[in-house]
Amino acid sequence: MSLRSTAPIHIIGGGLAGCEAAWQIVGCSVPVVLHEMRPLRGTAAHRTSGLAELVCSNSFRSDDPEHNAVGLLHEEMRKLNSLVMRSADANQVPAGGALAVDRDGFSAAITATLEAHPLVTLCREEIVDLPPAGWDNVIVATGPLTSAALADGIAKLVGEQALAFFDAIAPIVHRNSIDMSVAWLQSRYDKAGPGGSGADYINCPLSRARYEGFIDALLAGDKVGFHDWETTTPYFDGCLPIEVMAERGRETLRHGPMKPFGLTNPKAPHVKPYAVVQLRQDNRLGTLFNMVGFQTKLTHGEQVRIFRTIPGLEGAEFARLGGLHRNTFLNAPKLIDGTLRLKAAPRLRFAGQITGCEGYVESAAMGLMAGRFAAAERLAKPLTPPPPTTAHGALLGHITGGHLETIDAGPRSYQPMNINFGLFPPLAQSPSRAADGTRLRGTAKTMAKKRAISRRALGDLALWIAGGDHALAAE
Ligand SMILES: Cc1cc2nc3c(=O)[nH]c(=O)nc-3n(C[C@H](O)[C@H](O)[C@H](O)COP(=O)(O)OP(=O)(O)OC[C@H]3O[C@@H](n4cnc5c(N)ncnc54)[C@H](O)[C@@H]3O)c2cc1C
């Protein structure tokens with residue numbers, strides 16, 4: 001089979017995910033047509049015509065592969081010959097333990113590499129509807145600011161409710177950091193509902209004094225503003241940040257997400273809490289719980305400070321902090337299969353932020369996976385997804401089914417997620433002793449656990465690569 005006779009894979013969007021996907025595909029000797037609309041049509045956040053433009057911060061976050069899940073994702077991507085990581089490493093600027101880059105150098109390196117590659121055809125055009133039927137293998141990687149015309153086409157295909165135009169992110173807490181001597185498990189009015197047990201929520205009680213202090217802190221806390229272009233979208237109307245609810249009246253939250261009704265604290269059945277914060281299981285593994293209805297524009301630092309004043313959450317470790325942004329993303333766990341294909345139209349594969357992952361690195365990693373899956377399909381060499389114990393497998397698993405769908409009123413429960421250790425299956429046995437035999441406690445124990453998860457991930461990734469990851473063979 002001559003290389004040029006292989007039909008190309010079309011990628012829509014030359015951002016972090018699209019560029020990484022293109023690189024992985026040409027690494028398998030399969031040609032790519034990369035469609036990027038800039039500079040003919042811009043977005044509200046991009047400023048240049050460069051591929052893989054970083055729209056805000058120049059940081060890829062922690063580069064520590066032993067104790068930080070995003071650092072582990074970096075390391076796995078390096079082992080999978082990532083163009084994004086290669087270009088980031090080559091354009092690094094000093095940033096302590098973080099990997100930060102010279103944004104222009106980074107984007108220029110990726111643009112030059114792809115433009116020069118003989119198997120890449122770069123088309124500067126906007127795709128304004130679903131791709132033509134003749135494109136049999138397509139990756140849609142158009143990001144959080146997918147152009148309106150294409151978003152309309154996708155929404156018509158998947159249903160208006162299945163494509164969101166903004167996110168409403170409630171903080172997520174690691175289950176094992178919640179103090180269950182203070183909190184208790186109970187569903188409101190003990191209702192089991194479909195698939196529930198009647199004890200599905202973790203409840204944190206507040207006395208009147210604690211509630212008043214909490215409201216004062218919310219009102220005074222530092223907030224992040226909306227971008228001008230975000231305030232002109234109508235999408236935020238139905239979904240208020242908790243601090244805005246508090247501004248509307250000191251009792252509003254008590255009659256909204258913090259209502260205490262239908263809940264009895266078994267540890268103090270005669271003391272009625274004045275308000276209750278509820279947390280709901282977020283992933284099938286049961287390691288993560290989200291703070292129900294707590295979308296917020298408080299700064300991350302303020303969220304940690306203020307939410308740790310809630311009884312039971314004093315030692316909370318946050319897997320994700322809250323936010324509200326303009327963001328185009330699919331209800332991916334329902335719509336896409338384990339290799340990122342749209343179940344309703346498998347010729348379309350999705351990658352990057354539009355799948356509901358969050359962040360530059362995560363978007364690029366999901367581009368990497370989409371590229372490998374698409375190339376494997378083109379070459380008729382099936383590729384099994386990476387094990388769930390790897391960072392790539394954990395994130396992919398979350399996007400394609402690991403999130404636990406709930407039917408409560410309010411924002412859709414699937415919301416953007418960064419990589420974090422809560423997405424990994426728990427260890428069969430957590431380390432309990434240091435090398436010298438002393439019992440591990442506190443931070444030392446947490447760090448040892450993270451190291452063990454990371455070691456397991458890199459070991460399993462190596463086995464996955466060795467066990468038939470055809471894409472590496474061509475590199
Ligand atoms: C304002 C803002 C700030 C952010 N800040 C950060 C941050 O600081 N750190 C972080 O980790 N993450 C941040 N993110 C989140 C996210 O990680 C980035 O948006 C990331 O770039 C997503 O990668 P992507 O490849 O999915 O999308 P993008 O990198 O946005 O790439 C999508 C590409 O598709 C193109 N495109 C769109 N529609 C079409 C079409 N119809 N036809 C052809 N081309 C099209 C766009 O021009 C763009 O080049 C931010 C997001 C936004 C919106």
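The values are calculated or read from the model by the stated rules, or taken from the named source; none is laboratory data. Keep in mind it's a predicted model, so treat the numbers as computed, not measured. Cβ: placed from backbone, ideal geometry, glycine included. Neighbour counts: every protein chain shown. Each accessible area value is taken on the protein alone, full model and side chains, heavy atoms only, with ligands, DNA and RNA left out. Shrake-Rupley method; radii C 1.70, N 1.55, O 1.52, S 1.80 Å.
Quick notes
- Residue within the range 184-194 that is more than 16 Å from the ligand (Cβ to nearest atom), modelled with pLDDT of 95 or more and within 30 Å of Ala351 (Cα to Cα) present: no
- Among the residues of the range 375-385, just one is open to solvent by less than 10 Å² (accessible area, probe 1.4 Å) and either at pLDDT below 95 or in contact with a helix residue (DSSP H, G or I) (Cβ under 6 Å, 6 or more places away or on another chain) (or both), namely Ala375.
- Subset tally (residues that are within 11 Å of the ligand (Cβ to nearest atom) and surrounded by fewer than 20 Cβ atoms within 10 Å (Cβ to Cβ)) for the range 1-46: 9
- Hey, Ile139 in a strand (DSSP E or B), buried (at least 21 other Cβ atoms within 10 Å of the Cβ), within 16 Å of the ligand (Cβ to nearest atom) and at pLDDT 95 or above or not: yes
- Answer from Gly14, Gly71, Gly50 - the residue that is assigned to a loop (DSSP other than H, G, I, E, B) and over 27 Å from Arg347 (Cα atoms): Gly50
- Test: residue in the range 97-104 that is in contact (Cβ under 8 Å) with a residue 60 or more places away in the chain, crowded, with 17+ Cβ neighbours inside 10 Å and within 16 Å of the ligand (Cβ to nearest atom): no
- Pair list, Cβ < 7 Å and 6+ apart or interchain, from the range 417-442 residues that are surrounded by fewer than 11 Cβ atoms within 10 Å (Cβ to Cβ) to residues that are among the charged types (D, E, K, R): Arg439/Arg433
- Pair list, Cβ < 8 Å and 6+ apart or interchain, from the range 222-248 residues that are within 15 Å of His325 (Cβ to Cβ) to residues that are modelled with pLDDT of 85 or more and assigned to a helix (DSSP H, G or I): Lys223/Glu243; Lys223/Glu302
- Unmet criterion (only one of (1) touching a residue at least 40 places away in the same chain (Cβ under 8 Å); (2) surrounded by 13 or more Cβ atoms within 10 Å (Cβ to Cβ); (3) within 15 Å of the ligand (Cβ to nearest atom); (4) more than 22 Å from the chain's Cα centre (by Cα)) for Gly153: (1)
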